[in-house]
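Written below as structure tokens is the structure these notes are about.
The values are calculated or read from the model by the stated rules, or taken from the named source; none is laboratory data. On a predicted model such as this, the values are computed, not experimentally measured, just so you know. So basically every Cβ, Gly included, is an ideal-geometry build from the backbone, and we count neighbours across all protein chains shown. Just so you know, the surface numbers come from the protein's heavy atoms only, side chains and all, with ligands and any DNA or RNA stripped out. Shrake-Rupley method; radii C 1.70, N 1.55, O 1.52, S 1.80 Å.
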Amino acid sequence: MTNSDAHPLVARLDALVSQAASAVAAAVDLDSLHAVEIELTGKRSVLVEAKKQLGGFDPDERREVGQRVNVVRSAVAELVESRRAELAAMERRRQLDADRLDLTEREPVRAGHLHLVTQARDHLEDVFVGMGFTVAEGPEVETDFYNFEALNLPASHPARGMWDTFYVELGEPGTVLLRTHTSPVQIRVMEATEPPIYSIMPGRVYRRDTADATHTPVFHQIEGLVIDKGISFADLAGTLDAFTRAYFGRQVQSRLRPSYFPFTEPSAEYDISCVFCGGAGCRSCGGTGWLELGGCGMVHPNVFAAVGYDPEVWTGFAFGFGIDRMTAQRSGVDDLRDLFTNDVRFLEQF
Ligand code: DAH
């Protein structure tokens with residue numbers, strides 16, 4: 001071997017390997033690696049320069065330096081290739097991360113809530129249950145007997161005209177109908193239980209009415225029935241007054257006005273002081289200062305007779321209120337139809 005280590009080119013070539021190692025490692029992406037590669041192996045690189053000079057060397061030197069050039073070139077190429085593979089993998093991973101669909105990330109669930117009328121029904125039930133009442137239900141498709149006859153409304157009674165009835169085509173014509181009020185549930189409860197009775201009966205009712213701001217052909221009522229010994233009209237008035245305060249608030253007054261219903265005697269109309277104007281008179285109460293919520297009265301002896309209760313032993317009162325109107329009044333809804341159009345933008349406000 002000649003003293004080739006002394007040759008300045010060999011020293012530069014050897015130095016190139018460690019320079020290449022740090023330059024390649026410092027390349028942060030494929031573009032900068034490409035620039036480094038040109039610098040290390042391109043036209044102006046030490047490698048190409050050394051190769052050019054080989055022709056001027058003597059044979060030993062030429063072999064010596066020539067071999068070094070080859071070794072260094074393949075070392076550099078190996079460094080560059082392995083870094084290229086590394087950077088390509090990194091870039092691919094970055095791309096995948098950017099494209100990834102995160103399936104754990106989603107819109108927060110938009111939970112709905114109970115319909116305004118259902119909330120009102122639940123609230124009414126809570127108030128009456130708090131006063132010691134139980135809750136009962138009956139069918140929406142009724143017979144003439146429960147909806148009318150047992151409630152002291154025999155066939156062709158003129159007061160039947162108070163309820164525009166939907167009849168169902170079933171059995172004898174005119175015997176099966178959609179209940180026009182929740183009062184038939186009173187009869188069913190009395191048939192099924194022995195007194196005393198303290199019950200409320202909420203539910204859906206139907207009338208052949210044209211829909212307008214204060215009427216809908218399907219609506220909701222809550223019926224009340226109290227049967228015990230020695231029940232008087234004062235108990236009715238006191239119960240309704242307690243209910244009014246519990247449901248509407250202490251500032252609201254109630255009153256009873258004489259009225260007529262076939263199933264009660266005496267009968268009354270139950271009003272509350274207008275929740276909008278406090279009784280002064282406004283558009284919502286028609287200037288009267290009062291809102292009509294429903295009927296009530298002392299259970300008629302003929303109703304007791306229909307279910308076989310002894311009217312000499314038992315007395316009682318009953319009431320029936322429209323839930324939808326009460327709800328509308330409490331929530332400031334001025335058109336009942338809005339409750340049943342089922343426009344979520346309207347319903348979600350309550
Ligand atoms: N059922 C009647 C109606 O729908 C309301 C009513 C009045 C119910 C008097 C009663 C009552 O229980 O005693 O118009």
- Pick out the one residue from Glu142, Glu125 that is surrounded by 13 or more Cβ atoms within 10 Å (Cβ to Cβ), outside any helix (DSSP H, G or I) and assigned by TED's automatic domain parsing to the domain that holds Leu336. Glu142
- Message: Looking at the stretch 252-272, can you tell me whether even one residue there is assigned by TED's automatic domain parsing to the domain that holds Gln329, in contact with a strand residue (DSSP E or B) (Cβ under 7 Å, 6 or more places away or on another chain), hydroxyl-bearing (Ser, Thr, Tyr) and assigned to a helix (DSSP H, G or I)?
- Response: no
- Could you tell me which numbered condition Arg325 fails, if it satisfies all but one of (1) part of a helix (DSSP H, G or I); (2) out of contact with any strand residue (DSSP E or B) (no Cβ under 8 Å at 6 or more places or on another chain); (3) within 26 Å of Met201 (Cβ to Cβ)? (2)
- Message: Just to be sure before I move on: is Met298 assigned by TED's automatic domain parsing to the domain that holds Tyr247, at pLDDT below 90 and either touching a strand residue (DSSP E or B) at 6+ places or on another chain (Cβ under 7 Å) or within 16 Å of the ligand (Cβ to nearest atom) (or both) in the structure I sent?
- Response: no
- Task: Name the one entry in Leu240, Leu236 that is in the same structural domain as Phe148 (by TED's automatic domain parsing), near the ligand (Cβ under 10 Å from one of its atoms) and part of a helix (DSSP H, G or I).
- Result: Leu236
- Checked Ile227, Ile272 against criteria (of a type in the set (Val, Ile, Thr) and over 19 Å from Ala150 (Cβ atoms)); the one match is Ile272
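From the residues in the stretch 202-213 that are under 27 Å from the mean Cα position of the chain (by Cα) and not charged (D, E, K, R), which one is most open to solvent (accessible area, probe 1.4 Å)? Full working, then the answer.
First pass over the stretch 202-213, keeping only residues under 27 Å from the mean Cα position of the chain (by Cα): 202-205, 213.
Restricting the remaining residues to those that are not charged (D, E, K, R) gives 202-203, 205, 213.
Numbers: Pro202: 5, Gly203: 6, Val205: 0, Ala213: 40 Å².
By that ranking, first place goes to Ala213.
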- When residues of the stretch 188-223 are limited to those that are of a type outside the set (A, V, I, L, M, F, W, C) and part of a helix (DSSP H, G or I), the one farthest from the ligand (Cβ to nearest atom): Glu191
- Note on the structure: Looking across the stretch 305-324 at residues that are of a type in the set (A, V, I, L, M, F, W, C) and surrounded by 21 or more Cβ atoms within 10 Å (Cβ to Cβ), the single one that is farthest from the ligand (Cβ to nearest atom) is Ile323
- Query: Looking at (1) within 16 Å of the ligand (Cβ to nearest atom); (2) more than 30 Å from Asp228 (Cα to Cα); (3) open to solvent by 30 Å² or more (accessible area, probe 1.4 Å), which is the only condition Leu336 fails?
  - Reply: (3)
